[in-house]
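Novice: Below: one structure in structure tokens.
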Amino acid sequence: MILLNRQLESEILRLSNHFPTITITGPRQSGKTTLCKKLFSTYHYVNFEDISAIETVRMNPKSFLKTYLKGLIIDEVQRYPELFSYIQVIVDENPDAHFVLTGSSNFSLMQHITQSLAGRTAILTLLPLSLGELPHSQTESTNALLIKGGYPAVWSKNIPVHDVSLNYYNTYIERDVRKILNIKDIYKFQIFIRLCAGRAGNEFNASALSNEVGVSSNTIQEWLSTLEASYIVFRIHPFYRNIGKRLIKTPKIFFYDTGLLCFLLGIENEEHLASHPLRGAIFENFVVLEFLKNRFNSGKLSNLCFYRDQSQREIDLVLEFGDKFKAYEIKSATTFHVSFVSNLNYLKHILGDKLITTQVIYDGEISMDTPEDGLVNFRKIKF
């Protein structure tokens, strides 16, 4: 097994000097436990996936926490929500206490943190491996990178990505998500998630999905929200600035891992991917995910959106930095074409000096960079 360095490490260590509690959230199997044990190797560890561990702590939670004031890691802490109030009391009474909490259900975790630990914990998100964290990322083929995705087990343990994705789907999506939603008709949910995969990188239309799946639009929205809270999919919203054009308001949907995305699309190997009609969308998903990982690994919130107006002008990614913006076109092509920059030039005309960077990210080898404009291979993105 290869122990991989994670870019989030420095931010976790920095914040641990300022907060008594560190909370790390993110998808299951993204490496949260491994990272916590690496950075806090002297801390006691308990995993609340183990029901017996919860029962042991429940007998006297305050005493348990006091026993490990100098360092305690609690995995999947949201499974025992009553503990958050006890942690609040303990850290208030003991300023030198050190707790590290992890969770893979964002909604449940954040709900309890805002109720009990607001101001007492730093919250960070660990996603699957980014390009900079992958071993041999510069020598792997593009199709290999897309189909393998970023789950550490694929890269550190050499477990075939199909096996990792199948286990993830059976264990976490069908079991845990179904349980949360109390879904009785699993077939319709299976159709739903695969239809979501087919829409990766595209606008999410709940009404259209409602008709295809055979459930109400409200049910579709509920299912999507649960997939988001479980770190399976995420949405990015359109650019809303008032720039004199009627803008599309429907968000786009993306997956937190392209390996799982390929699995849901039935793509089993690089040859399948090479000729797949959605390869371009999978490539876009991969690149957008890189930008999101960069934000989260720096301890920042997402600032990603996209531009599309009713004249069908679209720009894949627009990043907001106060009143300044950066815009990116993402193309899976290996050669540059002048049409790639037409929409970027249009947005530059609309936003003027507020648009400080325009860049085409593609799969070609030629790079051209100026202070404002650029053409760059996706492996060499400058964030």
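Values quoted throughout were computed directly from the atomic coordinates according to the rules given, and no laboratory measurement underlies them. None of the values given here were measured: they were computed from a predicted structure. Every residue, glycine as well, gets a Cβ built from its backbone with ideal geometry; the counts of neighbours run over all protein chains shown.
Novice: Report the antiparallel proportion of the DSSP beta bridges in the chain as a percent, rounded to a multiple of 5.
Specialist: In the chain, approximately 40 percent of DSSP beta bridges are antiparallel ones.
Novice: Among the listed pairs Lys32/Lys188; Lys252/Lys326; Lys148/Lys188, which are separated by more than 23 Å between their Cα atoms?
Specialist: Lys32/Lys188; Lys148/Lys188
Novice: Which net charge results for the neighbourhood of Asn303, defined as the other residues with beta-carbon distances under 9 angstrom from its beta-carbon, given Lys and Arg at +1 and Asp and Glu at -1?
Specialist: Once all neighbours under 9 Å are counted, the net charge is +1.
Novice: For a quick protection proxy, order the peptides 144-153, 301-310, 324-333 by their average other-Cβ count within 10 Å, most packed first.
Specialist: In descending order of packing, they fall as 144-153, 324-333, 301-310.
Novice: Per the helix-only calculation at 222 nm, which mean residue ellipticity applies to the chain, given -39500 (n - 2.57) for every DSSP H run of n ≥ 4 and division by its residues, nearest 500 deg cm²/dmol?
Specialist: Computed mean residue ellipticity for the chain: -11500 deg cm²/dmol.
Novice: Classify segment 261-355 as rounded, prolate or oblate from the Cα gyration tensor: take a ≥ b ≥ c as the square roots of its eigenvalues, call it rounded if a/c is under 1.5, otherwise prolate when a/b beats b/c and oblate if not.
Specialist: In terms of gyration-tensor shape, oblate.
Novice: Just the Cα atoms of segment 9-125, one point each, no solvent: what log10 I(q)/I(0) does Debye give at q = 0.11, 0.19, 0.22 Å⁻¹?
Specialist: With no solvent term, the Cα-only Debye profile gives -0.30, -0.98, -1.42.
Novice: Pairs of alpha-carbon atoms within less than 8 angstrom and 6+ residues apart define the contacts here; what relative contact order does the chain have, in percent?
Specialist: After rounding, I find 14 percent.
Novice: Moving on to the next point. On each of the three principal axes of the Cα atoms of the chain, give max minus min coordinate, whole Å, ordered largest first.
Specialist: Ordered largest first, the chain gives principal extents of 66, 48, 44 Å.
Novice: Using modelled backbone amide H atoms (1.01 Å from N, in-plane), which distant-in-sequence or interchain residues come within less than 5 Å of Asp373's amide H?
Specialist: Thr358
Novice: Å³ per residue of the Cα convex hull, for segment 182-291?
Specialist: With only Cα atoms used, segment 182-291 gives 128 Å³ per residue.
Novice: So, by mean Cβ neighbours within 10 angstrom, what's the order for 250-259, 48-57 with the highest one leading?
Specialist: So the order, starting with the most tightly packed, is 250-259, 48-57.
Novice: Using the Cα centre as the reference, give the magnitude of the dipole from point charges on the C-beta atoms of segment 9-125 (Lys, Arg: +1; Asp, Glu: -1; all else neutral), rounded to the nearest 20 debye.
Specialist: 140
Novice: A follow-up question, please. I'd like the distance separating the alpha-carbon centroids of segment 149-220 and segment 327-349, in whole Å.
Specialist: 32
Novice: OK, next. Among Thr335, Ser311, Ile147, whose Cα projects farthest towards the positive end of the dipole of the chain, with charges put on the beta-carbon of Lys, Arg (+1) and Asp, Glu (-1)?
Specialist: So the residue we want is Ser311.
Novice: Suppose every Lys and Arg Cβ carries +1 and every Asp and Glu Cβ carries -1, with no other charges. What dipole size does segment 131-380 come out with about its Cα centre, to the nearest 20 debye?
Specialist: 700
Novice: How would segment 113-199 be classified by its alpha-carbon gyration tensor: rounded, prolate or oblate, with rounded meaning a/c under 1.5 and the a/b versus b/c comparison settling the rest?
Specialist: Note, shape of segment 113-199 comes out oblate.
Novice: For segment 44-203, what relative contact order do you get, as a whole percent, if you take Cα pairs closer than 8 Å and at least 6 residues apart?
Specialist: Contact order relative to length: 15 percent.
Novice: Students often check this: by mean Cβ neighbours within 10 Å, which of 265-273, 230-238 ranks highest, and how do the rest follow?
Specialist: The densest-packed peptide leads the list: 230-238, 265-273.
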